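Only one structure is covered here, and it is reproduced in the block below.
The values are calculated or read from the model by the stated rules, or taken from the named source; none is laboratory data. The shown structure was predicted, so the numbers you read here are calculated from the model rather than taken from an experiment. Note: ideal-geometry Cβ built from the backbone for every residue, glycine included; neighbour counts use all protein chains shown. These accessible areas exclude ligands, DNA and RNA; they are computed on the full protein's heavy atoms, side chains included. Shrake-Rupley method; radii C 1.70, N 1.55, O 1.52, S 1.80 Å.
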Amino acid sequence: MTRALDQVMAVMETAFDPHWREAWTRQQVANSLALPHTYAILVDAEARLIGDGEAEAGGFILARRAPGEEELLLIGVRPELRGRGLGRLLIETFAELARHAGAEQVFLEMRANNPAERLYRACGFEPIGRRPAYYRTLDGSFLDAITFARKL
Ligand SMILES: CC(C)(COP(=O)(O)OP(=O)(O)OC[C@H]1O[C@@H](n2cnc3c(N)ncnc32)[C@H](O)[C@@H]1OP(=O)(O)O)[C@@H](O)C(=O)NCCC(=O)NCCS
């Protein structure tokens, strides 16, 4: 688990603009991965799925399994590797793993103005709810959270 934590954190440090305050700290990721139903999916720079400690990660998903459904907690791809399908591969792998585990739906939540929405919609996610002023950015402004779901 420590190695997956290192792989995730190396991407985390480059992938998130601090303005949006979306990145997780090392402690948050460690706590999350220590839970029995939370897991990481990792891909390398060539868009191949990799295991714990196997190679440097180009992108990751953190996800949580629950009876009948799974939640995509966080996705990140290194900026220099974007637009090559790593994000889509991560999401499709997440959906496939969830389906095999018996999930009927998968969920995610994003800040209202995240351009990743295009990727989520392209992967079959549709908005199902909105939480007003849920996120607070570095400059103190608030953004809604939008919940997306995809039936499997
Ligand atoms: C969102 C993110 C993971 C996408 O990763 P990626 O590897 O670039 O995604 P892909 O190459 O698989 O893109 C798949 C499709 O989505 C579109 N897309 C992905 N990210 C996009 C973005 N930021 N803006 C516009 N379109 C985007 C691509 O154009 C592509 O469409 P196409 O197949 O029709 O060309 C990456 O941009 C990222 O790490 N962003 C910062 C972290 C973040 O905001 N995470 C999500 C919130 S937690």
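Summary table
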{"item": "Protein accessible area in region 2-107, 1.4 Å probe - carbon and sulfur %", "result": "49 percent"}
{"item": "Whole-Hz couplings from phi, Karplus 6.51/-1.76/1.60, listed for region 125-141; x for Gly and Pro", "result": "7, 10, x, 10, x, 9, 10, x, 6, 7, 9, 10, 7, 4, 7, x, 7"}
{"item": "Other-chain or far-sequence residues with amide H under 5 Å of residue 74's (modelled H)", "result": "62"}
{"item": "Modelled FRET efficiency - R0 25 Å, residue 126 with residue 101, Cβ distances, 0.05 increments", "result": "0.70"}
{"item": "Net charge contributed by nearby residues that have their C-beta within less than 11 Å of residue 78 (K/R +1, D/E -1)", "result": "-2"}
{"item": "Sum of -39500 (n - 2.57) over DSSP H runs of 4+, divided by residues of the chain (222 nm, nearest 500)", "result": "-8500 deg cm²/dmol"}
{"item": "Solvent-accessible heavy-atom area per residue, rounded to whole Å², over the chain at 1.4 Å", "result": "55 Å²"}
{"item": "Candidate residues 38, 25: accessible-area rank, largest first, probe 1.4 Å", "result": "25, 38"}
{"item": "Environment charge of residue 16, counting only residues whose C-beta is closer than 12 Å and scoring Lys/Arg +1, Asp/Glu -1", "result": "0"}
{"item": "Point-to-point label distance, residue 93-residue 109, nm (Cα→Cβ direction, 7 Å offset)", "result": "2.5 nm"}
{"item": "Relative contact order (percent, whole number), region 2-107, Cα cutoff 8 Å, 6+ residue spacing", "result": "25 percent"}
